[in-house]
Ligand SMILES: [Zn+2]
């Protein structure tokens, strides 16, 4: 390597520096919501062909930009001192399946409770389910950190922005980190309501094409607000 190339490498800024700062802040915010206990959650955000992802084995409440790692779309680490989250494949698959830039995975307690008891998809006990594009599916169990789990989640996210992972947790995707954190909180709230409703007996469900109609109404209102 020439002296010039070496000097350039030494002074080159770390890639995705602003994104890593935003990611660390979002991780701490997610921890503050209580939906991602201890180290049981990870977040990522894509910019172009690179993905910033929270480091493995780090408490989300103590996440710093330095503990966030940058990988390429094949999962190869290109920056960051620590190791990337063990669920890097899951994040890359969720992003690729949906086109979303931000991915949040957690072991949120109510979502994980339902992921340990239900199969197929969540019963639609509340119209807010439309925010996920339809009834949230429960991806069949695969061991953590594996390509098989990433594939299972990829299938469950077809036309959806959230999924439960059997005997594991939950994952959501969104265009931005802030929206992804918000969506994880919404999914956990919905799982708690579903859990309560199931405890009381047989919940009355929203059926037929009503959820699609709710989604269309919601989008119309949102566009109306944007035009105002
Ligand atoms: Zn996990």
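None of the figures in this text is laboratory data; all of them are computed from the coordinates on show. Since the structure is predicted, the reported quantities are computational estimates derived from the model, not experimental observations. Quick reminder, even Gly has a Cβ in these numbers, built from the backbone with ideal geometry, and neighbours come from all protein chains shown.
Would a scan of the range 68-86 turn up a residue that is over 19 Å from residue 101 (Cβ atoms), touching a helix residue (DSSP H, G or I) at 6+ places or on another chain (Cβ under 8 Å) and within 16 Å of the ligand (Cβ to nearest atom)?
No: zero hits.
Could you list, in sequence order, all residues of the range 96-142 that are surrounded by fewer than 20 Cβ atoms within 10 Å (Cβ to Cβ), over 23 Å from residue 74 (Cα atoms) and within 16 Å of the ligand (Cβ to nearest atom)?
107, 109, 110, 113, 116, 140, 141, listed by residue number.
Quick check on residue 81: is it at negative phi and either assigned to a helix (DSSP H, G or I) or surrounded by 17 or more Cβ atoms within 10 Å (Cβ to Cβ) (or both)?
The answer is no for residue 81.
Residues of the range 196-224 being over 27 Å from the mean Cα position of the chain (by Cα) and part of a loop (DSSP other than H, G, I, E, B), which ones?
Matches in the range 196-224: 201, 202, 203, 204, 208.
Inside the range 83-136, can you point out the residues that are within 20 Å of residue 16 (Cβ to Cβ) and without any contact (Cβ under 8 Å) to a residue 24 or more places away in the chain?
99
Quick grid of which residues meet (1) away from the ligand (no atom under 16 Å from the Cβ); (2) in contact with a helix residue (DSSP H, G or I) (Cβ under 7 Å, 6 or more places away or on another chain); (3) farther than 15 Å from residue 131 by Cα:
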{"site": "156", "(1), (2), (3)": "no, no, yes"}
{"site": "173", "(1), (2), (3)": "no, yes, no"}
{"site": "185", "(1), (2), (3)": "yes, yes, no"}
{"site": "199", "(1), (2), (3)": "yes, no, yes"}
{"site": "214", "(1), (2), (3)": "yes, yes, no"}
{"site": "218", "(1), (2), (3)": "yes, yes, no"}
{"site": "222", "(1), (2), (3)": "yes, no, no"}
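Criterion first (more than 12 Å from the chain's Cα centre (by Cα), in a helix (DSSP H, G or I) and touching a residue at least 24 places away in the same chain (Cβ under 8 Å)) does residue 26 satisfy it?
When the stated conditions are applied, residue 26 does not pass them.
Just checking, how many residues over the range 30-60 are farther than 18 Å from residue 182 by Cβ, surrounded by fewer than 19 Cβ atoms within 10 Å (Cβ to Cβ) and more than 15 Å from the ligand (Cβ to nearest atom)?
Counting residues in the range 30-60 that are farther than 18 Å from residue 182 by Cβ, surrounded by fewer than 19 Cβ atoms within 10 Å (Cβ to Cβ) and more than 15 Å from the ligand (Cβ to nearest atom) gives 4.
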